[in-house]
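See structure below.
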Amino acid sequence: MRFWPFASKPREVAVRPLEPRWFADCAQLHARFFARSWAVADFEELTRDRQVMADGAFDGPGKTCFGFAVSRLVAPEAELLSIAVDPRHQGRGIGRQLLKAHFARLAAHGAREVFLEVEQGNSGAIHLYEQFGFAKVGERAGYYPKKDGSRATALVLRAQLS
Ligand SMILES: CC(C)(COP(=O)(O)OP(=O)(O)OC[C@H]1O[C@@H](n2cnc3c(N)ncnc32)[C@H](O)[C@@H]1OP(=O)(O)O)[C@@H](O)C(=O)NCCC(=O)NCCS
(Lines give C-alpha, C1' and ligand atoms only; values in the text may rest on other atoms or scores of the structure.)
Protein backbone atom coordinates (compact mmCIF):
# COMPACT_ATOMS: atom_id res chain seq x y z
CA MET A 1 0.00 0.00 0.00
CA ARG A 2 1.24 3.49 -0.84
CA PHE A 3 1.78 6.10 1.87
CA TRP A 4 0.37 9.53 1.12
CA PRO A 5 1.84 12.22 3.34
CA PHE A 6 -1.21 14.51 3.07
CA ALA A 7 -3.72 12.23 4.12
CA SER A 8 -6.77 11.53 2.80
CA LYS A 9 -9.74 9.48 2.20
CA PRO A 10 -10.72 8.49 -1.30
CA ARG A 11 -12.88 11.15 -2.90
CA GLU A 12 -15.83 10.22 -5.07
CA VAL A 13 -16.10 12.32 -8.18
CA ALA A 14 -18.55 12.70 -11.03
CA VAL A 15 -16.97 12.37 -14.45
CA ARG A 16 -18.61 14.40 -17.19
CA PRO A 17 -17.69 15.88 -20.56
CA LEU A 18 -15.53 18.96 -20.09
CA GLU A 19 -17.37 22.21 -20.78
CA PRO A 20 -15.67 25.42 -22.02
CA ARG A 21 -16.07 27.19 -18.67
CA TRP A 22 -13.44 24.83 -17.25
CA PHE A 23 -10.83 25.37 -19.95
CA ALA A 24 -8.98 28.12 -18.03
CA ASP A 25 -8.61 25.90 -14.94
CA CYS A 26 -7.53 22.96 -17.09
CA ALA A 27 -4.99 25.05 -19.01
CA GLN A 28 -3.51 26.19 -15.69
CA LEU A 29 -3.34 22.61 -14.46
CA HIS A 30 -1.81 21.39 -17.72
CA ALA A 31 0.91 24.06 -17.54
CA ARG A 32 1.93 22.86 -14.07
CA PHE A 33 2.95 19.47 -15.40
CA PHE A 34 3.82 19.69 -19.07
CA ALA A 35 6.51 21.76 -20.80
CA ARG A 36 4.46 21.73 -24.04
CA SER A 37 1.53 23.30 -22.28
CA TRP A 38 -1.98 23.72 -23.66
CA ALA A 39 -3.54 27.19 -23.55
CA VAL A 40 -7.29 27.82 -23.34
CA ALA A 41 -7.25 28.13 -27.15
CA ASP A 42 -5.76 24.64 -27.41
CA PHE A 43 -8.57 23.19 -25.30
CA GLU A 44 -11.05 25.07 -27.49
CA GLU A 45 -9.51 23.78 -30.69
CA LEU A 46 -9.21 20.21 -29.44
CA THR A 47 -12.79 20.03 -28.23
CA ARG A 48 -14.09 21.43 -31.54
CA ASP A 49 -12.60 18.34 -33.16
CA ARG A 50 -15.33 15.69 -33.31
CA GLN A 51 -12.72 12.95 -32.87
CA VAL A 52 -11.63 14.34 -29.51
CA MET A 53 -13.25 13.39 -26.21
CA ALA A 54 -12.54 15.44 -23.12
CA ASP A 55 -13.82 14.59 -19.65
CA GLY A 56 -13.48 16.30 -16.30
CA ALA A 57 -13.68 14.97 -12.74
CA PHE A 58 -16.02 17.13 -10.64
CA ASP A 59 -17.37 17.37 -7.13
CA GLY A 60 -21.10 16.57 -6.89
CA PRO A 61 -22.50 20.07 -7.45
CA GLY A 62 -20.02 20.73 -10.25
CA LYS A 63 -18.34 23.68 -8.54
CA THR A 64 -14.84 22.24 -8.68
CA CYS A 65 -12.98 20.50 -11.45
CA PHE A 66 -10.28 18.23 -10.01
CA GLY A 67 -8.78 17.07 -13.27
CA PHE A 68 -9.28 16.21 -16.92
CA ALA A 69 -8.59 13.48 -19.48
CA VAL A 70 -8.47 14.11 -23.22
CA SER A 71 -8.30 11.48 -25.98
CA ARG A 72 -8.49 11.31 -29.73
CA LEU A 73 -10.68 8.49 -31.06
CA VAL A 74 -10.33 7.01 -34.52
CA ALA A 75 -12.24 3.80 -33.91
CA PRO A 76 -11.22 1.16 -33.11
CA GLU A 77 -8.14 3.00 -31.78
CA ALA A 78 -7.92 5.83 -29.29
CA GLU A 79 -4.99 7.82 -27.99
CA LEU A 80 -4.97 9.32 -24.53
CA LEU A 81 -3.50 12.76 -25.23
CA SER A 82 -3.34 14.07 -21.68
CA ILE A 83 -4.54 13.51 -18.14
CA ALA A 84 -3.89 15.50 -15.00
CA VAL A 85 -5.33 15.77 -11.50
CA ASP A 86 -4.95 18.85 -9.30
CA PRO A 87 -1.93 18.16 -7.06
CA ARG A 88 -3.96 19.17 -3.97
CA HIS A 89 -6.28 16.22 -4.66
CA GLN A 90 -3.94 13.57 -6.01
CA GLY A 91 -3.69 10.20 -4.31
CA ARG A 92 -7.41 10.01 -3.55
CA GLY A 93 -8.52 7.81 -6.39
CA ILE A 94 -9.61 10.63 -8.70
CA GLY A 95 -7.26 9.71 -11.54
CA ARG A 96 -8.50 6.12 -11.44
CA GLN A 97 -12.21 7.12 -11.50
CA LEU A 98 -11.55 9.63 -14.26
CA LEU A 99 -9.76 7.09 -16.46
CA LYS A 100 -12.34 4.39 -15.81
CA ALA A 101 -15.21 6.61 -16.91
CA HIS A 102 -13.22 8.14 -19.77
CA PHE A 103 -12.27 4.73 -21.17
CA ALA A 104 -15.88 3.54 -20.79
CA ARG A 105 -17.01 6.51 -22.89
CA LEU A 106 -14.31 5.79 -25.50
CA ALA A 107 -15.40 2.13 -25.61
CA ALA A 108 -19.04 3.16 -26.01
CA HIS A 109 -17.96 5.12 -29.09
CA GLY A 110 -16.13 2.18 -30.66
CA ALA A 111 -12.63 2.22 -29.15
CA ARG A 112 -11.18 -1.24 -28.69
CA GLU A 113 -7.62 -0.30 -27.80
CA VAL A 114 -5.94 2.76 -26.33
CA PHE A 115 -2.41 4.04 -26.85
CA LEU A 116 -0.61 6.67 -24.81
CA GLU A 117 2.82 8.14 -24.25
CA VAL A 118 4.24 8.58 -20.78
CA GLU A 119 7.58 9.88 -19.60
CA GLN A 120 9.85 7.01 -18.58
CA GLY A 121 10.36 8.32 -15.03
CA ASN A 122 6.69 9.08 -14.32
CA SER A 123 6.21 6.09 -12.04
CA GLY A 124 2.94 7.35 -10.51
CA ALA A 125 1.22 7.59 -13.88
CA ILE A 126 2.77 4.31 -15.06
CA HIS A 127 1.40 2.50 -11.97
CA LEU A 128 -2.02 3.91 -12.69
CA TYR A 129 -1.88 2.84 -16.34
CA GLU A 130 -0.74 -0.67 -15.40
CA GLN A 131 -3.88 -1.03 -13.32
CA PHE A 132 -5.83 -0.58 -16.57
CA GLY A 133 -3.79 -3.26 -18.35
CA PHE A 134 -1.40 -0.98 -20.21
CA ALA A 135 1.89 -2.52 -21.32
CA LYS A 136 4.86 -1.09 -23.17
CA VAL A 137 4.87 -1.44 -26.96
CA GLY A 138 7.56 1.10 -27.84
CA GLU A 139 9.90 3.84 -26.77
CA ARG A 140 10.73 7.31 -28.14
CA ALA A 141 14.09 8.63 -26.98
CA GLY A 142 14.28 12.40 -26.42
CA TYR A 143 10.56 12.83 -27.01
CA TYR A 144 9.67 15.14 -24.12
CA PRO A 145 11.23 18.58 -23.75
CA LYS A 146 11.82 19.27 -20.04
CA LYS A 147 11.53 22.64 -18.34
CA ASP A 148 15.30 22.50 -17.59
CA GLY A 149 16.10 22.18 -21.31
CA SER A 150 16.90 18.44 -21.24
CA ARG A 151 14.81 15.82 -23.03
CA ALA A 152 13.22 12.66 -21.66
CA THR A 153 12.28 9.32 -23.17
CA ALA A 154 8.62 8.52 -23.79
CA LEU A 155 7.26 5.02 -23.33
CA VAL A 156 4.45 4.06 -25.68
CA LEU A 157 1.85 1.96 -23.86
CA ARG A 158 -1.17 0.10 -25.17
CA ALA A 159 -4.20 -1.53 -23.57
CA GLN A 160 -7.21 -3.43 -24.87
CA LEU A 161 -10.55 -2.00 -23.78
CA SER A 162 -13.03 -4.59 -22.59
C1 LIG B 1 -1.05 10.50 -12.84
C2 LIG B 1 -2.19 11.21 -12.11
C3 LIG B 1 -3.26 11.64 -13.13
C4 LIG B 1 -2.83 10.23 -11.11
O5 LIG B 1 -3.92 10.86 -10.50
P6 LIG B 1 -4.33 10.54 -8.97
O7 LIG B 1 -5.69 11.09 -8.75
O8 LIG B 1 -3.27 11.00 -8.06
O9 LIG B 1 -4.34 8.94 -9.01
P10 LIG B 1 -5.14 7.97 -8.03
O11 LIG B 1 -5.21 8.55 -6.66
O12 LIG B 1 -6.43 7.59 -8.69
O13 LIG B 1 -4.15 6.72 -7.99
C14 LIG B 1 -4.48 5.55 -8.70
C15 LIG B 1 -3.26 4.66 -8.79
O16 LIG B 1 -2.24 5.35 -9.52
C17 LIG B 1 -0.95 5.06 -8.96
N18 LIG B 1 -0.33 6.31 -8.55
C19 LIG B 1 -0.83 7.56 -8.76
N20 LIG B 1 0.05 8.48 -8.33
C21 LIG B 1 1.12 7.81 -7.83
C22 LIG B 1 2.37 8.19 -7.23
N23 LIG B 1 2.70 9.49 -7.09
N24 LIG B 1 3.23 7.24 -6.87
C25 LIG B 1 2.93 5.93 -7.04
N26 LIG B 1 1.77 5.50 -7.58
C27 LIG B 1 0.87 6.42 -7.96
C28 LIG B 1 -1.18 4.08 -7.85
O29 LIG B 1 -1.02 2.80 -8.42
C30 LIG B 1 -2.63 4.30 -7.46
O31 LIG B 1 -3.19 3.13 -7.00
P32 LIG B 1 -3.28 2.78 -5.42
O33 LIG B 1 -4.05 3.91 -4.80
O34 LIG B 1 -4.01 1.49 -5.43
O35 LIG B 1 -1.88 2.70 -4.93
C36 LIG B 1 -1.67 12.44 -11.30
O37 LIG B 1 -0.61 12.01 -10.48
C38 LIG B 1 -1.19 13.60 -12.17
O39 LIG B 1 -1.98 14.46 -12.55
N40 LIG B 1 0.12 13.63 -12.46
C41 LIG B 1 0.71 14.76 -13.19
C42 LIG B 1 0.34 14.74 -14.65
C43 LIG B 1 0.81 13.46 -15.31
O44 LIG B 1 1.90 12.99 -15.07
N45 LIG B 1 -0.05 12.90 -16.18
C46 LIG B 1 0.26 11.69 -16.93
C47 LIG B 1 0.98 12.07 -18.19
S48 LIG B 1 1.25 10.66 -19.24
Of the residues in the stretch 88-100 that are surrounded by fewer than 17 Cβ atoms within 10 Å (Cβ to Cβ) and more than 7 Å from the ligand (Cβ to nearest atom), the one that is modelled with the lowest pLDDT is ARG88
With criteria (1) away from the ligand (no atom under 13 Å from the Cβ); (2) under 20 Å from LEU161 (Cα atoms), ALA69 comes up short on (1)
Per the filter on the stretch 127-162, residues of a type in the set (A, V, I, L, M, F, W, C), closer than 22 Å to ALA31 by Cβ and touching a strand residue (DSSP E or B) at 6+ places or on another chain (Cβ under 6 Å) are ALA152, ALA154
Of the conditions (1) more than 15 Å from the ligand (Cβ to nearest atom); (2) more than 27 Å from ASP148 (Cβ to Cβ); (3) surrounded by 19 or more Cβ atoms within 10 Å (Cβ to Cβ), the single one that PHE43 does not satisfy is (2)
**Report entry** Residue check for ALA111: more than 12 Å from the ligand (Cβ to nearest atom), loosely packed, with under 13 Cβ neighbours inside 10 Å and not acidic (Asp, Glu)
**Finding:** no
Pairing a residue in the stretch 18-39 that is under 12 Å from GLY67 (Cα atoms) with any residue that is of a type in the set (Asp, Glu), where Cβ atoms lie under 8 Å and the two sit 6 or more apart in sequence or on different chains, gives LEU18/ASP55; PHE23/GLU44; ALA27/ASP42; LEU29/ASP86
Quiz item: Any chance the stretch 20-29 includes a residue that's away from the ligand (no atom under 16 Å from the Cβ), of a type outside the set (A, V, I, L, M) and surrounded by fewer than 17 Cβ atoms within 10 Å (Cβ to Cβ)?
Solution: yes
If we keep only residues of the stretch 117-134 that are under 23 Å from PHE58 (Cβ atoms) and outside any loop (DSSP other than H, G, I, E, B), then the residue farthest from the ligand (Cβ to nearest atom) is TYR129
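The values are calculated or read from the model by the stated rules, or taken from the named source; none is laboratory data. Nothing here was measured: the structure is a model prediction, and the numbers come from that model. Cβ atoms come from the backbone with ideal geometry, glycine included; neighbour counts cover every protein chain shown.
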